[in-house]
């Protein structure tokens, strides 16, 4: 009797396992769209920064009130490098920017919080009154996390120029004027 029960159990198990290995059925229709939420798009703002001995080689800039930054958002910073008049083209370089000289290495870099952005100069040698930069034009771009997720934006940090970033985003970036 025990052998018969084991045999039946084994046969039923084999039958169940082999019947579950068939081809997959067709994919069903897409579900209904969820309610549309407000789409927060990338925006940029510009400001001038002095990185001199008087400013301790750093500049703090408040994030404009129109921009609400969350922990999961991305903020990128670019420095204006040059204007090519023949092509009516602005050249923006993404921070950090590294400069090499016979004295050592200087890096213009940035960090940000939910409230402000800090641009700073770091060097491999002691900075003095003759070092630093005046009137750097900085463009900061705020990329909301929900927008980054929809555009598969994991590579935003790899955009080395402002134009590359716009191409990755697939749209123009609204520029907010700081009063």
Are any residues in the stretch 105-135 part of a loop (DSSP other than H, G, I, E, B) and surrounded by 15 or more Cβ atoms within 10 Å (Cβ to Cβ), and if so, which ones?
127, 131, 132
Looking at 86, 81, can you tell me which residue is at pLDDT 90 or above, surrounded by fewer than 16 Cβ atoms within 10 Å (Cβ to Cβ) and part of a strand (DSSP E or B)?
81
One residue is enough: does the stretch 59-72 have a residue meeting the conditions more than 21 Å from residue 114 (Cα to Cα) and touching a residue at least 12 places away in the same chain (Cβ under 8 Å)?
no
What do you reckon, is residue 69 surrounded by 15 or more Cβ atoms within 10 Å (Cβ to Cβ), outside any strand (DSSP E or B), at pLDDT 85 or above and at negative phi?
yes
When restricted to 48, 102, 54, the only residue at pLDDT 90 or above and touching a strand residue (DSSP E or B) at 6+ places or on another chain (Cβ under 8 Å) is 48
Which numbered condition residue 93 fails, given (1) touching a strand residue (DSSP E or B) at 6+ places or on another chain (Cβ under 8 Å); (2) modelled with pLDDT under 95; (3) farther than 15 Å from residue 139 by Cα
(3)
Condition (residue is modelled with pLDDT of 90 or more, closer than 24 Å to residue 144 by Cβ and either surrounded by 10 or more Cβ atoms within 10 Å (Cβ to Cβ) or touching a helix residue (DSSP H, G or I) at 6+ places or on another chain (Cβ under 9 Å) (or both)) applied to the stretch 17-39: is it met by at least one residue?
no
If you take the residues of the stretch 133-161 that are closer than 30 Å to residue 102 by Cα and modelled with pLDDT under 90, which of them is nearest to the chain's Cα centre (by Cα)?
157
What are the pairs, 6+ residues apart or on separate chains, where a residue within the stretch 12-37 that is at negative phi and assigned to a loop (DSSP other than H, G, I, E, B) has its Cβ under 9 Å from a residue that is modelled with pLDDT of 70 or more and loosely packed, with under 10 Cβ neighbours inside 10 Å?
none
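The values are calculated or read from the model by the stated rules, or taken from the named source; none is laboratory data. All figures in this text were calculated on a predicted structure; none of them were measured in a lab. Positions of Cβ are backbone-derived with ideal geometry, glycine not excepted, and every protein chain shown enters the neighbour counts.
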